[in-house]
Amino acid sequence: MAWVLFIALAVVTLGGGLAVVATRNVVHAALALLVSLVAVAGVYLLVYAEFLALVQVLIYGGAIVIVLVFAIMLTRSAEYPRTSDNRQWPLAAVAALGLLAVLVPAFLINAVQDTEAKNAAFTGIAQSLFTTWAVPFEIASLVLLVALIGAIIIARSGPGEN
């Protein structure tokens, strides 16, 4: 049963990632990214990593996608009509296939031996999160806030006011 659910979540994750890079509509790409990130959270739940699944949904699925949607809504994309066309996509496809050619044999050669499910202790994660990593998380939140405020200021300024 777990394998079937894993394969379904993997297909949803890959499909969402493919939709992100294949669609021309930026809002649809952000929604496809959200689908892909939620499916990754489902994979975390399959391996009993509830904390990582929660962080995946709250931080990536919530905050990052919302910031992307705000940035899309607040920027004037009509002024840049063809910025999404890229002539380097064949090079990117070759690089992606090369990476796939390296990763598939690496995963096949180094198979996981221990498949027993283990629960992580949340006390160590919480202790580290609120002591060692508290300041970097606050700095990251301030950087995202400044970026959002900057996007609002740029979007509200009239032509020639920059």
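Each value in this text was obtained by applying a stated rule to the coordinates, not by laboratory testing. It should be emphasised that the depicted structure is a prediction, and the values quoted were computed from it without experimental measurement. With ideal geometry, Cβ positions are generated from the backbone for all residues, glycine too; neighbour counts draw on all protein chains shown.
For the chain, what is the calculated [θ] at 222 nm in deg cm²/dmol (nearest 500), taking -39500 (n - 2.57) for each run of four or more DSSP H residues and dividing by its residue count? Before the final figure, lay out each step's value.
Numbers: 7 runs with 112 residues, N = 162.
So the calculated ellipticity at 222 nm is -23000 deg cm²/dmol.
Contact order normalised by length for the chain, with contacts defined as Cα pairs under 8 Å and 6 or more residues apart; what percent is it? Intermediate results must be reported in sequence, preceding the final value.
On the way: 88 pairs, mean separation 33.8, N = 162.
Averaging sequence separation for qualifying contacts and normalising by length gives 21 percent for the chain.
Of (1) 40, 37, 29; (2) 62, 44, 25; (3) 67, 34, 28, which is the value of Cα extents along the principal axes in Å derived from the coordinates here?
(2)
Between Arg156 and Ala22, what FRET efficiency comes out of the Förster formula 1/(1 + (r/R0)^6) with R0 = 30 Å and r the beta carbon distance, rounded to 0.05?
On the way: r = 32 Å, r/R0 = 1.08.
The pair Ala22/Arg156 has a calculated efficiency of 0.40.
For Leu129, put the label point 7 Å out on the Cα→Cβ axis and report which residues of the range 18-57 keep their amide N under 17 Å from it.
Residues 41-42, 44-45, 48-57 fall inside that zone.
Show me 142-151, 30-39, 96-105 ranked by packing, highest mean number of other Cβ atoms within 10 Å first.
Numbers: 142-151: 12.2, 30-39: 19.4, 96-105: 9.9.
Listed from highest to lowest mean packing, they are 30-39, 142-151, 96-105.
Explain nothing, just the number: dipole magnitude of the chain about its Cα centre with +1 on each Lys and Arg Cβ and -1 on each Asp and Glu Cβ, in debye rounded to the nearest 20.
It works out to roughly 400 debye.
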